[in-house]
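What follows is a single structure, written as structure tokens, with notes after it.
Nothing in this text is a laboratory measurement; each read-out follows from the coordinates by a stated rule. Because the structure is predicted, anything quoted here is derived from the model rather than measured. FYI the Cβ positions are ideal-geometry reconstructions off the backbone, even for glycines, and counts take in every protein chain you see.
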Amino acid sequence: MARVVSGVARAALGISGFGVGSAAAVGAAWADNLQEAANSNAPHNPIETVVVTQKRSSLDALPEKILNTPQSINVVPAEVIRQQGLTRLSDALKNVPGVTLNAGEGGTHGDLVNLRGFSAGDDYFLDGLRDTGLYDRDVFNVDSIEVYKGPASTLFGRGSTGGVVNQVSKGATLYPIDDATMTLGTNAELRGTADWNTVLGETSALRVNLMGQRNNVAGRPFVRDQRWGIAPAYAWGLDTATTVTLKFLHQQEDNIPDYGIPFVFGLPAPVKRDTFYGLPSDDRFKTEVDIFTGRVDHQIDDTFSISDTARYGHYWFDSRQTAATYGTANCFNAATAPFAGAVLCSSLPAAQRIPVTASNPYFPVLGTPLDQVFVLRDRPSSKGTVTTMMNEADLTATFSTGPLVHHLVTGVEVDREDADLLRFVNQSAQIVPTPLLAPDPFEAFPGHQTNVRQHPITKTNTFGLLAMDTIDIGKQWNVVAGIRFDHFGASFDQTLGTPSHFRHDDNIGSPRAAITYKPTENTALYFSYGTSFNPSAETLTLAASNQDLGPERDHTYEVGAKAQVLDGMLALTVAAFNTVMTNARISDPTNPALQTLAGTLRVNGIEVGATGRLTENWEITAGYTYLAPLAKGLVAPGVAGPIPNTTNNQGNIWTTYDFDSGLQVGTGLNYVGRRYAGTDTGTIPGTTLVPKVPAYVTWDAMVGYRINDLWQVQLNGSNLTDEYYLANSYFTRPNENHTVPGPGRTLLLSVALTY
């Protein structure tokens, strides 16, 4: 019986649609199919369609079904992640329109994305609480990924200009699970996972997930991913008025990172995909993550319920990375000018007359022959720890006042985050420059950095109060009104060199309002307004340039429609939105050493999506977004330009078909349009270039076969056309930038065992 229960439960949990199923809905779907599955002795039963109509967000503050929630919400269920053979959160997000990947600055690594054109590097959450820390999040312990689009400081506090990413982790359940999967790949991948759940009593259970993986990256020599993790979860009081859950996540990684290739003349350097500028004998990105989470849910009576979630997180990292960078010199002495039109030092002011030397390779101004361009080895290494302690308590009340039905959520959040970092002296001047077209990955260097140049210590404290009321007005209308007040305080201490100390406090309110009209039970039209704020110490750092600045503020107007069609099997969405930040931080034109809140960022967009089943056997996940971004002040005060790493057009589709014989096939495309990486005012003096990252399309496919009740095999192919594409980018100035090639063609073979 364990085999039947496990298989049917996974099928019920894997149905795509609006959001994540509530416990009651999933339990009902599982129960409806359990008896039918148990009555059949055939190893390959026809696909059973489960229509789950009660799916809701995992957040306490959003009590309505996602169909009726006035906000764009994308959900990537574990079943889609399994079908696509994905292992990392950043890869799973390719199923979400409006997401582009960023590359790190100064040794920064881990999951870095843009949502609707705005950076979301600090907007990761795990089971509703902030998941601070620089690491590559694996999906071995993920039930689903929820992406809430648009400003949501009312729900999440600071950040969330473009939205947030919430990971819903696996929890203990009252049915047994005994699954194990082994994967081998053409990228030398070896990955093993296990998912084991045992029922301890009538209301208690224990679940343990395990993962270990090592792989290279197709087309990128020397790059290596290596990590392992364990995630136990215990629950007591399941299906009773009081439930206690305890979860722990430990993940370690020891990777050889990839800083990609530099830009030249406003475009990625025209080098082969396997060109590598790092020093793999020393480059490392190591992390150790420990996250303890406890939660209590108590149904007081038919009106009131309360929940309390507490977390302790410890994130350690050690980043030793090498990237190509250019020197600051851009002139030659007349006698040594290597090409016609080279900038002569005699033509520049005395302060800029820095002639080219072996340790100061010239800045590649337009016209420089590429075979004469050299790059330095930039080594922006750092290490440190981030610790977090947070608690969120919510009281939910459902009651009526005359004809109005209220779903009132009030909450309080307390959050402390401490970052203790070491930044090492860059070795760029100590390593012989290497040719742009033929870098030497085995070049001699003075060993990994030990000379500390900075020791910043940042401490932040958050106190937040929330009140949000969702009011049902009859069967066709509901109104949402909410506000959150946050006190966010930060202190910064620098103990090396010239000591510095900064302190900053923000007190800010974040309103939210929306209205929904339901023409029918399965359709909804909505209009929403939301805000968010980004304090100077949002990413756990302060500086003299921004210590006195208030938070950036933004707001979004969104209008949209949602529908469930084909008897509820298929979810359709469409939304149009306008997000504006009118006080973005930019360089102060009167004092470049300071920042000022004088920039404007604006993104208008349209998004459409389809998720669910076209027939009982045919499943689809598809989305498209069009963004029209505009920035003023990033290039120069009052000057309009692009928002970096934001594409106008992006689309994705993934579809699978289940044959009644046990065969499953799937295929999909991902399209990312041309992106602007930043602005370049140095390559051509007096001219502003906008470096571009080309558009690309990748094609993925899979075929799986369930041999019997125990065994299943699956073959995945990603980037089957072996497209040479650039997945993410970083550009601050012409001499410091990079873009990272995506993996080449990769085949993965997985064998799954289900007891």
Self-check item: Spatial separation of Cα centroids for the stretch 638-657 and the stretch 450-468, in angstrom
Solution: 31 Å
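Can you tell me the order of 659-665, 589-595 when each peptide is scored by its average per-residue count of other Cβ atoms within 10 angstrom, highest first?
Details: 659-665: 13.7, 589-595: 12.0.
Packing proxy ranking, top to bottom: 659-665, 589-595.
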Practice problem: For G744, list long-range residues whose amide hydrogen, built 1.01 Å from N in the peptide plane, is under 5 Å from its own amide hydrogen. | Solution: A218, G219, R220
Exercise. Enumerate the whole-percent occupancy of each 5 Å bin, from 0 to the last occupied one, for all C-alpha pair distances of the stretch 580-663.
Key: 3, 13, 16, 12, 10, 9, 8, 7, 6, 5, 4, 3, 2, 1, 0
Quiz prompt | Quotient of Cα Rg and 2.2 N^0.38 Å for the stretch 440-553, N being how many residues it contains | solution = 1.76
Quiz item: Any idea how far the Cα center of the stretch 554-570 sits from the one of the stretch 217-231, in Å?
Solution: 38 Å
Exercise. For the stretch 254-261, just list the computed ³J(HN,Hα) in residue order, Karplus coefficients 6.51, -1.76 and 1.60, θ = phi - 60°, integers in Hz, with x standing in for Gly and Pro.
Key: 9, 10, 9, x, 10, 9, x, 10
Self-check item: Dipole of the chain, positive direction: furthest Cα of I606, L200, T516, with charges on the beta-carbon
Solution: I606
Practice problem: Pick out, from G229, G185, V432, the residue whose Cα sits farthest towards the positive end of the charge dipole of the chain, with +1 on the Cβ of Lys and Arg and -1 on the Cβ of Asp and Glu. | Solution: V432
Self-check item: Separation in nanometres of the label points that stand 7 Å from Cα toward Cβ, at L614 and V412
Solution: 5.3 nm
Exercise. Whole Å is fine, so just give me how far the alpha carbon centre of the stretch 369-439 lies from that of the stretch 88-162.
Key: 10 Å
Quiz prompt | C-alpha long axis of helix 2-14 to longest principal axis of the chain, angle in ° | solution = 60 degrees
Quiz item: Taking the Cα-to-Cβ direction at S400 and at N591 and moving 7 Å from each Cα, how far apart do the two end points lie in nm?
Solution: 6.2 nm
Practice problem: May I ask you to evaluate 6.51 cos²θ - 1.76 cosθ + 1.60, the Karplus curve with θ = phi - 60°, for each residue of the stretch 78-95 and list the ³J(HN,Hα) values in order in whole Hz, giving x for glycine and proline? | Solution: 4, 5, 5, 4, 5, 4, 7, x, 8, 10, 10, 4, 4, 6, 5, 6, 5, 7
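Would you mind working out the magnitude of the charge dipole of the stretch 218-278 relative to its Cα centre, with +1 at each Lys and Arg C-beta and -1 at each Asp and Glu C-beta, to the nearest 20 Debye?
200 debye
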Quiz item: Expressed in nm², what is the orientationally averaged projection area of the convex hull enclosing the Cα positions of the stretch 440-480?
Solution: 9.4 nm²
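Compute the Kirkwood hydrodynamic radius of the stretch 268-425, taking the inverse of the mean of 1/r over all pairs of distinct Cα atoms, and give it in Å to one decimal.
Working: mean 1/r = 0.0457 Å⁻¹.
Hydrodynamic radius (Kirkwood, Cα pairs) of the stretch 268-425 is 21.9 Å.
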Self-check item: Mean Cβ count within 10 Å, highest first, over the residues of peptides 163-170, 279-286, 196-203, 389-396
Solution: 163-170, 279-286, 389-396, 196-203
Quiz item: Given the Cα-Cα distance of D469 and E521 and 0.36 nm per residue of separation, how much length would full extension add, in nm?
Solution: 16.6 nm
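For the stretch 351-391, compute Rg over Rh where Rg is the Cα radius of gyration and Rh is the Kirkwood radius from the inverse mean 1/r over Cα pairs.
Numbers: Rg = 19.5 Å, Rh = 14.4 Å.
Reported Rg/Rh, Kirkwood definition of Rh: 1.35.
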Exercise. List the lysines whose Cα lies under 20 Å from the Cα of K170, skipping any in the same chain that are fewer than 8 positions away.
Key: K55, K247
Quiz item: Could you give the semi-axes, largest first, of the ellipsoid that matches the chain, computed as the square roots of 5 times the alpha carbon gyration tensor eigenvalues and rounded to whole Å?
Solution: 45, 31, 24
Quiz prompt | A188-F485 pseudo-label distance in nm [points 7 Å out on the Cα-to-Cβ vector] | solution = 5.8 nm
Quiz prompt | Gain upon complete extension [L344, Q476; 0.36 nm per residue less C-alpha separation] | solution = 40.2 nm
Quiz prompt | Note, ³J(HN,Hα) from phi for the stretch 363-376, Karplus 6.51, -1.76, 1.60, rounded to Hz, x at Gly and Pro | solution = 5, x, 5, 4, x, 5, x, 4, 6, 10, 8, 10, 10, 7
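Between their Cα atoms, which of K94/K562; K459/K692; K286/K632; K383/K632; K94/K692; K149/K632 are more than 28 Å away from each other?
Those over the limit are K459/K692; K286/K632; K383/K632.
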Self-check item: Listed residues V480, N546, F265: farthest to the positive end of the dipole of the chain (Cβ charges)
Solution: F265
Quiz prompt | the stretch 327-374: Rg to Rh, with Rh as the Kirkwood radius over Cα pairs | solution = 0.91
Quiz item: If the viscosity is 0.692 mPa s and the temperature 37 °C, what Stokes-Einstein diffusion coefficient in µm²/s follows for the stretch 640-746 when Rh is the Kirkwood radius over Cα pairs?
Solution: 198 µm²/s
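Hey, got the dipole for the stretch 624-752? About the Cα centre, +1 on K and R Cβ, -1 on D and E Cβ, debye to the nearest 20? Present the calculation step by step, with values, prior to reporting the outcome.
Numbers: 7 positive and 8 negative charges, 114 e Å.
The calculation lands at about 540 debye.
Gain in length, Y755 to I457, computed as 0.36 nm per residue apart minus the alpha-carbon separation, to one decimal in nm? Mind dumping the intermediate values first?
On the way: separation 298, 0.36 × 298 = 107.28 nm, distance 4.96 nm.
Separation in residues times 0.36 nm, less the Cα-Cα distance, equals 102.3 nm.
Could you give the size of the charge dipole of the chain about its Cα centre, using +1 on the Cβ of each K and R and -1 on the Cβ of each D and E, expressed in debye and rounded to the nearest 20? Present the calculation step by step, with values, prior to reporting the outcome.
Working: 53 positive and 73 negative charges, 379 e Å.
Roughly 1820 debye, rounded to the nearest 20.
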